[in-house]
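Single-structure report; data block below.
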Amino acid sequence: MSRRFINRGDKPTKTGFGEGLLASGIRHPEVIALGADITASVGVNLFAERFPNQFVSLGIAEQNCVGVAAGLALEGKIPVFSTYGVFAALRTTDQIRVSVCYNNLHVVIGGAHAGLSVGPDGATHQALEDLAIMRVLPNMTVLSPCDATQTKIATQQAIHHTEGPVYIRFGRAAMPDFTSENQSFEVGKAQLLHAGDDVTIIATGHLVWEALQAAYTLKEEQIHARVINLHTIKPIDKEIIVKAARETGAVITAEEHQVTGGLGSAVAEVLACEYPVPMKFVGMPDRFGESGDPKELMKKYQLTDLAIVQAVQTLLTTKSYP
Amino acid sequence: MIQPKVNDPLLLQEISAEIRRSVITTLSQAGSGHLGASLGLADLFTCLYFSVLAHDPADPLWPGRDRLILSIGHAAPVLYTTLARVGYFPEQELATLRKLGSRLQGHPGREHGLPGLELSAGSLGQGLSVSVGRALAAKMDDQSWRVFCILGDGELQEGSVWEAAMAAAHLKLDNLIAIVDRNGVQIDGKTEDVMALEPLKEKWRAFGWEVVECDGNNHQDILTSIHLVQQVPHKPGVILAYTKMGKGVGSIEGDYRWHGKAPSKQEASRFLRELDKEVS
């Protein structure tokens, strides 16, 4: 568990989604992808080219896309609707709530270009609220895989091995691809990526790589950080979180999302009831993003390994409650 | 057994009157709910469930059935009373409408297990999109069943309805029939004062639909329209059904104040008397 993860090369998580969707369509004519105009940019084009009869173009009309997906699901199809996370989760929230979640239908919603790392397009296109909004909906499963390889596996799991509505989030920027193709991945079961008993870093999405780098840096200072990849925001893996809090006594969360309502809040909700320990949240501090190169933005808004290291150092000075 | 079709006009009249009576009684027992649209839609629901839809009350999920999607969830009382009358569940259960633990939610909720419900709905503007999805699935699987979607006219102010309208025509869904309850009123008043919908026929035509208008409180006219609107291949059909909100109870017909109200016990007995007078 103390092995170092190696970056096999940067790759966008949206590529993993596209590959996972493509693989899911093979011998599964019931998988139907819905396009909302930006199919190539969200990775659906591969599927559309390979399975033209399982692809439906519905134009720039996201609310209708979600309703159509609900109708298809009622008839036994497995609809996969993907567009930018800001539209997939926010433009359509009421349709997702009533037509999909209240009817408890197996619709897979792909939230592309999630997080700050979408970069130059600026705040309108940076989904930083989607996890909060999706996780509050009854019946919804929320996935936030950490790299392209895991996104491919998570997409297949979402389509073929999950019941009810699923939201899966992924990004556009090329980011380190480091998890194994043979990893055990189970929806609702977080992954322990790095052992340690001094502090726990629970991260999701792109921040998992940053958390690992932070753990490697901290190790040089004799601080042994445990790193958990919480790829399923809901249903949340309470067991691994409580165990980590009990064994390390301090928890940092790290996400490319508003601190309000996302991964940090989800973890805090568990710990507040089960095992309160001092916490710190690394994430967007209740504000909009802006245009810029993804790496510059991550640095400016402190969504980096360095920011995690600093959060750990601060937290450890106040580790136990008085 | 597939529901046999009723062709006798007198029997259809009688069923509609029973449904109206049942709507008034049920809403009065519930103490809240939407009376106006349910009374106005009684003739349409009678025609659909007793003469048009292929369905089987003993086998609600029969794969070959026609699907009826109620997009205006607030018209649940007319759906429930019709489903009970046609045999999906005992009519005594109507007395539980809107009560704790009931399968008859204020707006339809499938998770409560009422047989015959095709969709949980209530937030306006969503049913037509779901209908498009179901009709599309039928086309993909070469199935011949049809999808009927009941919309309110005020509901057409929701932009998402027009997204769905565009999609249905684009996808050439001639197995989809939308029926608009054109009663001309909504909670705040007349639709044309709140947010004008006219010219409505032209709007649907421009969106690529076959449009038929009818008197939505006249059985023969309803049945003819449903037949006519399905005659054009590769085009979805819409029926603009001109109904009277509160139809059957003369003193409240067309009165928008009865959109979202339930009658008190006294009002209910007065309305039932008015209804009997109308029928006789």
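Residue-level check: of (1) more than 17 Å from A:V142 (Cα to Cα); (2) in a helix (DSSP H, G or I); (3) within 20 Å of the chain's Cα centre (by Cα), A:F87 misses just (1).
Whether a residue is surrounded by 18 or more Cβ atoms within 10 Å (Cβ to Cβ) and within 26 Å of B:K139 (Cα to Cα) was assessed, and B:P57 passes this test.
Residues checked against (1) farther than 30 Å from B:S120 by Cα; (2) small (G, A, S):
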| residue | (1), (2) |
| --- | --- |
| A:L22 | yes, no |
| A:I32 | no, no |
| A:A36 | no, yes |
| A:L46 | yes, no |
| A:N53 | no, no |
| A:V56 | no, no |
| A:V80 | no, no |
| A:A88 | no, yes |
| A:Q95 | no, no |
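Selection within region A:61-91: residues that are under 24 Å from A:D121 (Cα atoms) and within 9 Å of another protein chain (Cβ to nearest Cβ). The member of this set that is surrounded by the fewest Cβ atoms within 10 Å (Cβ to Cβ) is A:A61.
A single entry from A:A203, A:A195, A:A190 fulfils the requirement of being over 18 Å from the mean Cα position of the chain (by Cα) and either at pLDDT below 95 or of a type in the set (A, V, I, L, M, F, W, C) (or both): A:A195.
Applying a threshold of 7 Å to beta carbon distances and a minimum spacing of six or more residues, or different chains, the list of pairs starting in region B:109-136 at a residue that is surrounded by fewer than 24 Cβ atoms within 10 Å (Cβ to Cβ) and ending at one that is modelled with pLDDT under 95 and aliphatic (A, V, I, L, M) is empty. Would region B:248-259 turn up any residue that is touching a Gly at 6+ places or on another chain (Cβ under 8 Å), within 14 Å of another protein chain (Cβ to nearest Cβ), crowded, with 17+ Cβ neighbours inside 10 Å and in contact (Cβ under 8 Å) with a residue 60 or more places away in the chain? Within region B:248-259, not a single residue is touching a Gly at 6+ places or on another chain (Cβ under 8 Å), within 14 Å of another protein chain (Cβ to nearest Cβ), crowded, with 17+ Cβ neighbours inside 10 Å and in contact (Cβ under 8 Å) with a residue 60 or more places away in the chain.
Given A:Q222, A:Q183, which one is over 25 Å from A:Y102 (Cβ atoms) and assigned by TED's automatic domain parsing to the domain that holds A:V251?
Working: A:Q183 fails: assigned by TED's automatic domain parsing to the domain that holds A:V251.
On inspection, the qualifying residue turns out to be A:Q222.
Listed here are the helices (runs of 4 or more DSSP H) enclosed by region B:95-210 that have at least 2 residues being more than 11 Å from every other protein chain (Cβ to nearest Cβ), out of contact with any His (no Cβ under 8 Å at 6 or more places or on another chain) and modelled with pLDDT of 95 or more: B:191-194, B:200-206. For region B:67-90, indicate whether the set of residues that are surrounded by 23 or more Cβ atoms within 10 Å (Cβ to Cβ) and touching a Pro at 6+ places or on another chain (Cβ under 6 Å) is non-empty. Yes, there is a match, as at least one residue in region B:67-90 is surrounded by 23 or more Cβ atoms within 10 Å (Cβ to Cβ) and touching a Pro at 6+ places or on another chain (Cβ under 6 Å). Taken over region A:1-40, residues that are in a loop (DSSP other than H, G, I, E, B) and polar (S, T, N, Q) amount to 3. Within region A:225-253, the set of residues being in contact (Cβ under 8 Å) with a residue 40 or more places away in the chain, under 22 Å from A:T304 (Cα atoms) and assigned to a strand (DSSP E or B) comprises A:A225, A:N229, A:T232, A:I233, A:V251, A:I252, A:T253.
For the residues A:G20, A:G25, the requirement of being away from chain B (no Cβ under 13 Å), closer than 21 Å to A:F185 by Cβ and buried (at least 24 other Cβ atoms within 10 Å of the Cβ) singles out A:G20. Taken over region A:41-63, the residue count meeting the criterion of being in a loop (DSSP other than H, G, I, E, B) and not polar (S, T, N, Q) is 8. As a summary of the residue check, A:A114 satisfies the conditions (1) surrounded by 24 or more Cβ atoms within 10 Å (Cβ to Cβ); (2) within 14 Å of chain B (Cβ to nearest Cβ); (3) within 21 Å of the chain's Cα centre (by Cα) except for the one numbered (2). Can you list residue pairs whose Cβ atoms sit under 7 Å apart, with the first residue in region B:185-212 being on the phi > 0 side of the Ramachandran plot and the second being among the aromatic types (F, W, Y)? Count only pairs 6 or more apart in sequence or on different chains. Hits for this filter: B:G189/B:Y256. Against the test of being β-branched (V, I, T), surrounded by fewer than 23 Cβ atoms within 10 Å (Cβ to Cβ) and either within 14 Å of another protein chain (Cβ to nearest Cβ) or assigned to a loop (DSSP other than H, G, I, E, B) (or both), the options A:T124, A:T162 yield a single qualifying residue, A:T162.
The values are calculated or read from the model by the stated rules, or taken from the named source; none is laboratory data. Keep in mind it's a predicted model, so treat the numbers as computed, not measured. As a convention, Cβ positions derive from the backbone with ideal geometry for all residues, glycine included, and neighbour counts pool all protein chains shown.
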